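Please read the structure below before turning to the comments.
The values are calculated or read from the model by the stated rules, or taken from the named source; none is laboratory data. In this text the structure is predicted, and so the values were computed from the model without any measurement. Backbone-built Cβ (ideal geometry, glycine too); neighbour counts: all protein chains shown. Note: areas computed on protein heavy atoms with side chains; ligands, DNA, RNA excluded. Shrake-Rupley method; radii C 1.70, N 1.55, O 1.52, S 1.80 Å.
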Amino acid sequence: MVSLIVEHRWKGKNQDEAFKVVGSIIDMQKNGKLPAGFTLKSVNVIADERMAVCEWEAPSLEEFKGLMEKVNPPTKHEIFATQKLL
């Protein structure tokens with residue numbers, strides 16, 4: 001398992017679609033419908049910056065990138081593998 005931080009940024013015209021995708025992923029997490037091994041730990045939205053920072057656990061970085069390709073959110077995003085210190 002890897003811990004990941006994903007930083008999403010979107011254009012104003014894509015905000016409704018970005019929030020729709022985020023809402024559906026949150027619903028999938030709540031209902032246990034994410035693919036096996038994937039856990040959405042948190043979603044932090046900074047609306048004034050048109051940005052969200054999400055924390056995930058995934059089987060591997062490569063598998064998470066594959067999931068992102070399938071979801072294809074209307075955002076520019078960067079994915080960072082992390083190590084928790086606290």
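Kindly check whether there is at least one residue in the stretch 58-67 that is in a strand (DSSP E or B) and not aliphatic (A, V, I, L, M).
no
Restricting the search to the stretch 1-53, which residues are in a strand (DSSP E or B), in contact (Cβ under 8 Å) with a residue 24 or more places away in the chain and among the polar types (S, T, N, Q)?
S3
Would you mind telling me which numbered condition in (1) part of a helix (DSSP H, G or I); (2) modelled with pLDDT of 95 or more I79 fails?
All conditions pass for I79, except number (1).
Restricting attention to the stretch 36-58, which residues are more than 18 Å from G23 (Cβ to Cβ) and either open to solvent by 40 Å² or more (accessible area, probe 1.4 Å) or among the β-branched types (V, I, T) (or both)?
Of everything in the stretch 36-58, those that are more than 18 Å from G23 (Cβ to Cβ) and either open to solvent by 40 Å² or more (accessible area, probe 1.4 Å) or among the β-branched types (V, I, T) (or both) turn out to be A36, D48, E49, E57.
Just need a number here: residues in the stretch 62-85 that are among the hydrophobic types (A, V, I, L, M, F, W, C) and open to solvent by 50 Å² or more (accessible area, probe 1.4 Å).
Total satisfying the criteria: 4.
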